[in-house]
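Student: My structure is below; once you've seen it, I'll send some questions.
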Amino acid sequence: MKLLRKLSSEDLAGKRVLLRLDLNVSIANGVIVDDYRIKRSLPTLQFLKDVGAKTVIVSHIESEGMRSLEVVHAHLTKLFPMIFVKEYFTEVSTKMLAGLQNGTFALMENVRNNPGEKENDSEFAEKLATLGDIYVNDAFAVSHRAHASVVGVTEFLPSYAGLLFEDEVKNLSEVEHPGHPFVFILGGAKFETKLPLVEKFMGRVNTLFLAGALANNIFIRHGFNIGLSSFSKKEMDLDGIIGHPNIIIPEDVIVENAGMSSVKRPYALSDSDCIMDAGPDSLNELSKVIAKAKFILWNGPLGLYEKGYKEGTYAVARMIAESPAQSVVGGGDTLAALHELGIEDKFTFVSTGGGAMLDFLAKGTLPGIEALNKNI
């Protein structure tokens, strides 16, 4: 795809830069528990500081139902001292931003508190544009959303890709030219949103392992009783997937019934069983596939990670981390597992995107990319 307009140090000193970041990090009890996305944004922040830009940061937060970026600001300001602007387009906020010096930062409050953000309202986008002389998108993880701070603002300002954004596009594009054997592990739920990706890659990979709720829809098509397990209720054409030689699904699963867990074959579930994770035989077979791989793509947990069934996801994370294969991984629960295991640096590339990563892999572009390219 066409490479985006890159940031340059030329003529940035004293310029106001409107910077879109993704600072939607995991927060529990008022404490950031995973600052991976913040860390990945630091090179762009350091670059803008070094060139003497006056940077106004726009982001959102939805972790734990939070509506304020105050906790994130407290964390960020230890690294790059910055003011926190709680309101948009008021006399007070205008004065605060006017006082920015070269090489300094301001963090605006949660942009999604403004209704015009998700609606990509042109009037709101034009107002956002008044906060900068140029716009920089370094929020790849939200660039599958046609929001005002991602798409709309590019209509009013010269627009550039940030360093993280560039890195995401470059590394995820490598998936189009993988080494073989090529292994794709896809977990999680919402089969209808991931079906285009399965259809695109099932003929290109050597092995496509479907896990989580994705596999449950296939179990149903095989006529298995999946009990209380989650699955996609949307009508889908799975005829090309069922029985495809490159696709494998768990041969055993961890089920929960009345608070007790056990290992069962997918065809042997009762009405009150609920599939929670991939079983040991499935993981053993997957380990053999991973051991032979030259390129591994992974997105999504193998089980109900949010309900504490993490062992299957942990096991796959360790397998890939120990493999010499080129590895590209991403997804919210996937990133959480890598963080909890402390192995983020054991992979070739870890994407900050979940849905954005999947959309880019399926389509080769995103609304945020198209908006930047139109601005060149």
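Student: What is the magnitude of the charge dipole of segment 294-376 about its Cα centre, with +1 placed on the Cβ of each Lys and Arg, -1 on the Cβ of each Asp and Glu, and no other charges, expressed in debye to the nearest 20?
Tutor: 200
Student: Given Cβ point charges of +1 (Lys, Arg) and -1 (Asp, Glu) and nothing else, what value in debye, to the nearest 20, does the dipole of segment 197-349 about its Cα centre take?
Tutor: 380
Student: Kindly point out which whole DSSP H helices in the chain project their C-alpha atoms 27 angstrom or further along the helix axis while averaging a Kyte-Doolittle hydropathy of 0.5 or above.
Tutor: Helices passing the filter in the chain: none found.
Student: Here is a further query. Which one, 219, 356, 325, projects farthest toward the positive side of the charge dipole computed for the chain from Cβ point charges (K/R +1, D/E -1)?
Tutor: Of the candidates, 325 comes out farthest on the positive side.
Student: If you don't mind, another one. In debye, nearest 20: dipole of the chain around its Cα centre with unit charges on the Cβ of K, R (+) and D, E (-)? Show your work: numbers first, answer last.
Tutor: On the way: 38 positive and 47 negative charges, 121 e Å.
Computed charge dipole of the chain: roughly 580 debye.
Student: As a quick test, which of the pairs 200/234; 233/363; 6/95; 170/307 have an alpha carbon distance above 28 angstrom in this structure?
Tutor: 6/95; 170/307
Student: Now for a separate question. Towards the positive end of the charge dipole of the chain, with charges on Cβ (+1 Lys, Arg; -1 Asp, Glu), say which of 275, 38, 250 has the farthest Cα.
Tutor: Toward the positive end, the furthest listed residue is 38.
Student: Compute the Cα gyration tensor for segment 156-281, then decide on rounded, prolate or oblate, letting a ≥ b ≥ c be the square roots of its eigenvalues: rounded whenever a/c is under 1.5, prolate when a/b is larger than b/c in the other cases, and oblate in all that remain.
Tutor: Working: a/c = 2.24, a/b = 1.90, b/c = 1.18.
Prolate, since a/c reaches 1.5 and a/b exceeds b/c.
Student: Oh, and also: Show 290, 249 ordered by accessible area, largest first, where the area counts protein heavy atoms only and the probe is 1.4 Å.
Tutor: Numbers: 290 5, 249 50 Å².
Greatest to least solvent exposure: 249, 290.
Student: While we're on this one: Using a/c under 1.5 as the rounded threshold, could you call segment 25-95 rounded, prolate or oblate? The axes a ≥ b ≥ c are square roots of the C-alpha gyration tensor eigenvalues, and prolate needs a/b larger than b/c, oblate otherwise.
Tutor: oblate
Student: Which value, in Å² rounded to 10, gives the accessible area of residue 335 with a 1.4 Å probe and all protein chains present?
Tutor: 20
The values are calculated or read from the model by the stated rules, or taken from the named source; none is laboratory data. No experiment lies behind these values; they were computed from the predicted model shown. When we count neighbours, we look across all protein chains shown, and the Cβ atoms used for this are built from the backbone with ideal geometry, even at glycine. We work out accessible area using only protein heavy atoms, side chains counted, and drop any ligands, DNA or RNA first. Shrake-Rupley method; radii C 1.70, N 1.55, O 1.52, S 1.80 Å.
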